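Below is one structure; the comments refer to it alone.
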Amino acid sequence: MEEKLPRCALVGRPNVGKSTLFNRLTGRRHALVEDMPGVTRDRKYGHCEWNGQTFEVVDTGGLEPTTDDYILSAMRRQTQFAIEEADFVLVIVDARHGVISEDLEIINELRRQGKPFFLLVNKVDGPNQEALAAEFYESGLEKIYPISATHGAGVGDMLDDLLAEMTQAEMELPDAAEVVDATDGLPRIAVIGKPNAGKSTLINHLLGEERLLTMPEAGTTRDAIDVQIERDGKEYLFIDTAGIRRKKYIKERVEQLSINQSLNALDRCDVALFLVDATEGITEQDTKVAGFAHNKGRAVIIVVNKWDLMPKGQEAMKAFEEDLRYKMKYLSYAPIVFCSALTGARIQRLFQLIDKVYESFRFRIPTGELNRFFTEMMRYHPPPVYKRRPVKFYYITQIMVGPPTFLISANQPDAAHVTYQRFIMNSLRAEFGYEGVPIKLVFRRHH
Ligand code: GDP
Ligand code: GDP
């Protein structure tokens, strides 16, 4: 286990530059940042390394003063969470707007709780901005840092002071070299599927707290968020792609972004939970995402969600499954679970499947067993003749796990017909399990 790092939370209204600063501090460059007020965000965690020392940075949602009360109160709760969890808080304001009442609300709250904080005045990079920043000193606050999150100006000085304050407050700051990423080696589970399928609801259910915001209207995805989840004594890293919601008026872009997120999450995961909305049946977008999932060679579990809204009994499940299998032929190896992220029905079953499928994904067949299997197969089901020449497969090696990949040496490497390849995969599957996992075959000429 990782030792507990001091935690520093970034708080402030939307669009002041929290995300930009988070990326700068943690060295992440993949997060998309756009000039889009009204975007809500969940908590993101990362490590910041400075002068050989490390602490944890948390990017919170923020306050949304202009839109509806639902978001506003949800965001306040997020900020509150962060304040309670953090050892130190960086309050960020936009130099162009000054300290407004919501900022003061946060500052007063921090003072009331005796939580150490700095005030960062961001976006001090345009003409006359230095002068603007000076105004903040008149607000009677100490420890004001003019910075530019995009260019990095002022950030280093601020970090020097931050580390000094943390050390003074006797917070343990381990050397960067001693800090290992605690999530290394955990099963990585991506939650993918079209907007509104229930991805956030599922993660919320697993977390048992309001870390991700779900909203009743169709939302989407921008920034994937990793959440560590412990269940029955085991740990998992969930890659959630539903972290960001935005308004409908840019729906097309949002759908593209949501698909890109699914692709990114697929690149980083071992097992993909592919959520489909039972009430909508299998749509074109579902089959598209299923295709990506298959091509990426990840383990897949098909999660038919919102089953609480469907007719009871086996009949409905059977009919749904038939339609699904018909429309998603290439995911034939993926197990299906009918569940409800809302009520929690069959989530236990889902976890059993995750464990099983993850194990398959990482499973290496002992060489002796693999060779016995291969010899038998060649004896009873040899490959068909190709271009009037007999095809010979000499030996098989498992060259990779995750996904299981097998190399077969042959006298004519391109002679293995798709049908025969499928036969080999099915035989491997029948013999060794490999539930939920695509199997890859590579053929090489034997010299
Ligand atoms: P958040 O909502 O607080 O996380 O804000 P973002 O990090 O998403 O930033 C909102 C907008 O402000 C984006 O367009 C950023 O490019 C821009 N921005 C962030 N930091 C700076 C900065 O230091 N200078 C300037 N000029 N723009 C910035
Ligand atoms: P996401 O866009 O995939 O993250 O979807 P959300 O988690 O935001 O869910 C979209 C809507 O579907 C919300 O109104 C949820 O309350 C609802 N929902 C999600 N899962 C279920 C479920 O299992 N049953 C029912 N009845 N509603 C659900």
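Of interest is the spacing of the C-alpha centroids, which for the stretch 369-405 and the stretch 81-119 amounts to 65 Å.
Quick one: net charge around Val16, please, counting Lys, Arg +1 and Asp, Glu -1 for every other residue with C-beta under 10 Å from its C-beta. Charge balance in the 10 Å sphere: +2.
A dipole drawn for the stretch 339-447 from +1 and -1 charges on Cβ atoms has a positive end, and of Asn426, Cys339, Phe443 the residue lying farthest that way is Phe443. Dimensions of the stretch 367-445 based on its C-alpha atoms, expressed as ranges along the principal axes with the largest first, amount to 36, 20, 20 Å. Greater than 20 Å separation of Cα atoms is the criterion. Which listed pairs, Lys18/Lys44; Lys296/Lys440; Lys44/Lys234; Lys234/Lys356; Lys199/Lys288; Lys18/Lys143, meet it? With Cα atoms farther than 20 Å apart: Lys44/Lys234. Over the stretch 313-447, the ratio between the Cα radius of gyration and 2.2 N^0.38 Å evaluates to 1.28.
Count Lys and Arg as plus one, Asp and Glu as minus one, and take only other residues whose Cβ is under 11 Å from that of Thr283; the net charge is then -1. Inverting the pair-averaged 1/r between distinct Cα atoms of the stretch 286-376 gives 15.2 Å as its Kirkwood hydrodynamic radius.
Any read-out appearing in this document is the output of simple, stated calculations on the displayed coordinates, not a laboratory observation. As the structure is a computational prediction, the values presented were derived from the model and not from experiment. Here the Cβ is made from the backbone with ideal geometry for all residues, glycine too, and neighbour counts use every protein chain on show.
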